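Written out below as structure tokens is the structure these notes cover.
The values are calculated or read from the model by the stated rules, or taken from the named source; none is laboratory data. Predicted model only: the values in this text are computed from it and were never measured. No Cβ is skipped: glycine too gets one built from the backbone with ideal geometry, and neighbour counts run over all protein chains shown. For the accessible areas, the whole protein counts, side chains as well, though only heavy atoms, and no ligand, DNA or RNA atoms are used. Shrake-Rupley method; radii C 1.70, N 1.55, O 1.52, S 1.80 Å.
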Amino acid sequence: MTTFNDFGLHADINRALAAKDYSVPTPIQTQAIPPLMKGRDLCGIAQTGTGKTAGFSLPSIHHLITYPHKTNPRSCRMLVLAPTRELAAQIAQSCRDYGRFTKLRVTTVFGGVPINKQIRELSQGVEILVATPGRLLDLIDQRALRLDDVEIFVLDEADQMMDMGFIHSLRRIAKLLPSRRQNLFFSATMPKEIAHLAEQFLEDPVTVSVTPAATTVEKISQYATFVEQKEKQALLHAVIASEDIDRALIFTRTKHGADRVVRHLAGAGIKAMAIHGNKSQSQRTHALQAFRSGDIKLLVATDIAARGIDVSGVSHVINFEIPNVPEQYVHRIGRTARAGAEGKAISFIAPDERPYMRDIERVTRSKSEPMPLPENFNELVRNLPKPVAPPRDTGSQGRDPNRQRQEANRGRGGAKPQGERGLRRDGAAGEGAEGQRKRRFRPRNKSVGAHKGAVKRVG
Ligand code: AMP
């Protein structure tokens with residue numbers, strides 16, 4: 001398996017990755033980082049949620065710190081263009097996180113906020129500038145910024161840029177860039193006009209793509225139940241009671257959502273743990289170990305946290321929330337039906353998630369079998385037990401004294417807990433150990449249990 005250490009990234013970057021608890025590169029990172037380290041142009045077909053930001057920013061940060069030089073006033077060495085201010089802010093934050101042990105300056109500029117502060121921030125020059133196209137051109141027009149020194153140019157979410165009518169701004173910006181530069185172009189889709197736009201920016205690019213392979217889902221029985229969002233927890237309890245589960249992965253879209261599901265299950269006396277980015281590495285390791293060994297049958301996960309999970313004997317994947325990126329769905333349900341085994345995927349679809357499911361069915365060229373709500377469902381909803389904190393903290397179990405102290409303080413209304421940083425450092429130390437444990441482990445329960453009821457193959 002590829003690890004971040006294989007890429008030859010600067011030690012300061014590897015430190016930042018350890019602090020963020022990243023251990024396994026995502027597919028787009030595995031494909032994109034090596035050619036980018038060699039200075040190649042890149043055309044990436046990937047959506048948000050795939051880890052593409054680290055895919056392009058890690059090798060760029062590596063370049064900026066390996067070849068340091070003083071920035072000129074009102075200029076930048078790396079320019080990232082994003083269609084929306086939210087995405088721009090998110091990218092900038094990621095760059096700050098990945099570059100936290102370096103002296104690189106990262107600035108974001110977008111419209112809708114006063115321009116003067118942005119002018120001041122750019123006056124000395126910055127290494128990394130993340131911008132939306134309109135405000136970038138305003139700043140250029142006001143002589144607050146020049147693009148002559150750009151060494152790395154990233155165009156993110158090109159298809160959305162086109163949809164938002166940025167094409168003329170992009171053409172103008174392209175003319176202001178120096179001819180010698182590295183270019184990175186990302187788009188979720190690559191229709192003809194986007195491919196044409198890419199050609200204008202890129203020189204002999206490497207193309208990488210993380211579009212889902214429809215074939216992965218063939219061995220998996222897929223079911224879908226339409227249910228109101230607020231009734232999903234009751235449905236989950238019903239499914240757990242009626243299905244013959246060896247091990248189930250339950251997916252939520254958010255970290256808080258995952259914790260909520262665990263608390264509700266605990267309220268009903270059902271043991272589960274959550275694994276997501278807010279957990280320390282020791283908690284994540286512990287949860288995974290408990291899941292692998294069969295101590296717990298239910299693991300609640302967010303998409304990205306589940307990437308490194310490779311556990312055999314997962315009989316069920318339950319999509320408590322539907323991913324808005326079809327590729328995530330394929331990744332999720334691919335956790336079951338490993339090594340030729342059969343698996344079952346059950347999706348809980350709220351009214352506002354129907355379009356996501358339609359996209360998924362189009363991309364995977366498969367259709368989920370409708371699974372009706374249980375007969376006594378209204379009663380189940382009415383009698384849903386109140387959520388409680390799981391009997392033992394999901395994963396700390398005496399392993400993480402920091403977290404236990406924090407929780408004790410919270411309970412007493414005591415001093416504010418230490419920030420996540422303490423936990424993160426603790427977690428970083430656990431990474432290597434996790435990998436080793438993973439290799440040594442032999443699951444106790446190898447077979448996927450027979451499923452109750454008729455399981456009809458779909459797809
Ligand atoms: P992106 O597609 O770049 O927006 O990334 C989606 C989320 O995945 C972000 O919250 C990142 O912090 C997280 N992420 C990216 N790469 C990894 C990785 N290799 N391991 C764990 N989390 C990651």
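Quick notes on this structure:
- Cα gyration tensor category, rounded, prolate or oblate, for the stretch 220-382 with a/c compared to 1.5: rounded
- Across the stretch 25-38, rounded Karplus estimates of 3J(HN,Hα) from the backbone phi angles (6.51 cos²θ - 1.76 cosθ + 1.60, θ = phi - 60°) give x, 6, x, 5, 5, 4, 7, 8, 5, x, x, 5, 5, 8 Hz, Gly and Pro being marked x.
- Stokes-Einstein, applied to the Kirkwood radius of the stretch 315-367 over Cα pairs at a viscosity of 1.002 mPa s and 20 °C, places its translational diffusion at 190 µm² s⁻¹.
- The HN-Hα couplings worked out from phi for the stretch 371-381 by the Karplus form 6.51 cos²θ - 1.76 cosθ + 1.60 (θ = phi - 60°) are 10, x, 5, x, 4, 8, 4, 4, 5, 4, 5 Hz, whole numbers, x standing for Gly and Pro.
- DSSP-assigned coil residues among trypsin sites (Lys or Arg not before Pro) in the stretch 106-168, each with at most 11 further Cβ atoms within 10 Å: R143
- Between A241 and N324, residue separation times 0.36 nm minus the direct Cα-Cα distance comes to 27.1 nm.
- Counted by Cβ distance under 9 Å from I115, the other residues give a net charge of +1, where Lys and Arg count +1 and Asp and Glu count -1.
- Restricting the calculation to Cα atoms, the stretch 11-101 yields a radius of gyration followed by a Dmax of 13.2, 38 Å.
- Karplus-based coupling profile of the stretch 70-84, in residue order and whole Hz: 5, 7, 6, x, 6, 8, 9, 9, 10, 10, 10, 9, 10, x, 10, with θ = phi - 60° in 6.51 cos²θ - 1.76 cosθ + 1.60 and x standing for Gly or Pro.
- Interchain or long-range residues, amide H under 5 Å from V300's placed H: I250, M273, A274, I275
- By accessible area, using a 1.4 Å probe on protein heavy atoms only, the stretch 220-382 has 49% of its surface on carbon and sulfur.
- Cα gyration tensor of the stretch 4-209 - equivalent ellipsoid semi-axes, whole Å, descending: 24, 21, 15
- Since only A274, T285, A258 are under comparison, the one whose Cα sits farthest along the positive direction of the charge dipole of the stretch 220-382, derived from C-beta charges on Lys, Arg, Asp and Glu, is T285.
- Rounded to the nearest 20, the Cβ-based charge dipole of the stretch 4-209 about its Cα centre (Lys and Arg +1, Asp and Glu -1) stands at 720 debye.
- Potential lengthening between R171 and S123 on full extension [0.36 nm per residue; Cα-Cα distance subtracted]: 14.8 nm
- Label-to-label distance, nm, for residues given as T2 and D352 (7 Å Cα→Cβ offset): 3.6 nm
- Among the chymotrypsin sites (Phe, Trp or Tyr not before Pro) in the stretch 80-164, those located in a DSSP loop and surrounded by at most 16 other Cβ atoms within 10 Å of their own Cβ are F101.
- Close amide H contacts of I349 (hydrogens built in the peptide plane, cut-off under 5 Å, sequence separation of 5 or more or a different chain): T225, F226, V227.
- With R₀ set to 51 Å, the beta-carbon distance separating A89 from E375 gives a calculated FRET efficiency near 0.60.
- Label-point gap, in nm, between S179 and Q200 - each point 7 angstrom along Cα→Cβ: 1.8 nm
- Amide H contacts of T108 (H built 1.01 Å from N, in plane; Pro and chain starts excluded): V130 sit under 5 Å, all sequence-distant by 5 or more or on other chains.
- Computed magnitude of the charge dipole of the stretch 220-382 (debye, nearest 20; Cβ of K, R +1, Cβ of D, E -1): 480 debye
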